[in-house]
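Data first, discussion second: the structure below is written as structure tokens.
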Amino acid sequence: MARPRKPLLSRDRIVGAASALVDAEGLDAVSTRRLAAVLGVSGPSLYNHFRNKEEILDAVADAVSAQVDLSMFEEPDPRDWREALHDWALSYRAALAAHPHIVPVLARGPGRRPAGLRVADAVFGAMVGAGWPPAQATRIGALMRYFITGSALGSFAGGFVDDETAYDPADYPHLGQAHLLADHRRQVDEGAFETGLRALLDGLAIQYEQHARPVGGDAATVRPVPNRP
């Protein structure tokens, strides 16, 4: 009987194996030697697809960017710019939360990564289309990336130990419940993100009223921000 054929080595197989390693063990776990062993191939064969480890990690990061929903920036989606930014931010954070070890690579910016550039293009285009001046649209894109990637770099609640004795009331009179935070990690961290996101968007909405201009001078071309309680 003929031997079963090994699956052909491809960029997708390499990225999938690298992604699994990063998720399980972190960035330092990725090496061409380790990936070759996981894939059952010789090390040099990886260089037919990637020049080095950095290119592999870039591809892993781009695969995560490709998971981010951009539909809210596409016509004829009815969401205004504020709602679109809000929903996009939640999708972006969810993608990063599912792959936290790759966040430091994503935080460097899109570079030449296609999916990352599509994200940047969609956000910038939507803001300019809504009437934001291009310079301010660029700043909004930067601000959102800082906020989202920063929130994904670590857990606030997870940063507190669950040992009540660590918080002597003589030294920390206001941290009597801090040992409980770790048990409510998701609730605390997601609530903090939502609180910060809404505060950020509230501030942008004020600036929008002061500085944004309808495209072509026609107010009808801009989807307004509805009144919120």
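If I go through region 80-138 residue by residue, how many of them are closer than 26 Å to Asp28 by Cβ and outside any helix (DSSP H, G or I)?
Within region 80-138, residues that are closer than 26 Å to Asp28 by Cβ and outside any helix (DSSP H, G or I) number 8.
It is to be established whether one or more residues within region 48-67 are free of Cβ contacts under 8 Å to residues at least 24 places away in the same chain and aliphatic (A, V, I, L, M).
For region 48-67, residues free of Cβ contacts under 8 Å to residues at least 24 places away in the same chain and aliphatic (A, V, I, L, M): absent.
All but one of (1) open to solvent by 40 Å² or more (accessible area, probe 1.4 Å); (2) out of contact with any Lys or Arg (no Cβ under 8 Å at 6 or more places or on another chain) hold for Pro133; state the number of the condition that does not hold.
If we test Pro133 against (1) open to solvent by 40 Å² or more (accessible area, probe 1.4 Å); (2) out of contact with any Lys or Arg (no Cβ under 8 Å at 6 or more places or on another chain), just (2) comes out false.
Step by step: first the residues of region 186-202, then only those that are of a type in the set (D, E, K, R) and open to solvent by 80 Å² or more (accessible area, probe 1.4 Å), then the one that is nearest to Ser151 (Cα to Cα). Which residue is that? Let's see the steps before the verdict.
Looking only at region 186-202, we keep the residues that are of a type in the set (D, E, K, R), and these are 186, 189-190, 194, 198, 202.
Filter once more, so that each one left must be open to solvent by 80 Å² or more (accessible area, probe 1.4 Å): 186, 190, 198.
Values: Arg186: 12, Glu190: 9, Arg198: 14 Å.
So, considering only residues that are of a type in the set (D, E, K, R) and open to solvent by 80 Å² or more (accessible area, probe 1.4 Å), the one nearest to Ser151 (Cα to Cα) is Glu190.
Condition check: part of a helix (DSSP H, G or I), among the hydroxyl-bearing types (Ser, Thr, Tyr) and closer than 20 Å to Arg79 by Cβ. Does Tyr146 satisfy that?
No; evaluated as a whole, the condition is false for this residue.
Looking for something part of a helix (DSSP H, G or I), under 14 Å from the mean Cα position of the chain (by Cα), modelled with pLDDT of 95 or more and over 20 Å from Ala122 (Cβ atoms) - is there at least one such residue anywhere in region 4-22?
No, there is no match, as no residue in region 4-22 is part of a helix (DSSP H, G or I), under 14 Å from the mean Cα position of the chain (by Cα), modelled with pLDDT of 95 or more and over 20 Å from Ala122 (Cβ atoms).
Within 25 Å of Ala205 (Cα to Cα), aromatic (Phe, Trp, Tyr) and surrounded by 15 or more Cβ atoms within 10 Å (Cβ to Cβ) - does that describe any residue in region 37-50?
No, region 37-50 contains no residue that is within 25 Å of Ala205 (Cα to Cα), aromatic (Phe, Trp, Tyr) and surrounded by 15 or more Cβ atoms within 10 Å (Cβ to Cβ).
Do we have Glu75 as open to solvent by 50 Å² or more (accessible area, probe 1.4 Å), more than 21 Å from Gly150 (Cα to Cα), assigned to a helix (DSSP H, G or I) and without any contact (Cβ under 8 Å) to a residue 60 or more places away in the chain here?
No.
The values are calculated or read from the model by the stated rules, or taken from the named source; none is laboratory data. Treat the numbers as computed from the prediction; the structure is a model and nothing was measured. Don't worry about glycine lacking a Cβ; one is built from the backbone with ideal geometry, like all the others, and counts go over all protein chains shown. Surface areas here come from the heavy atoms of the whole protein model, side chains and all, with no ligands, DNA or RNA. Shrake-Rupley method; radii C 1.70, N 1.55, O 1.52, S 1.80 Å.
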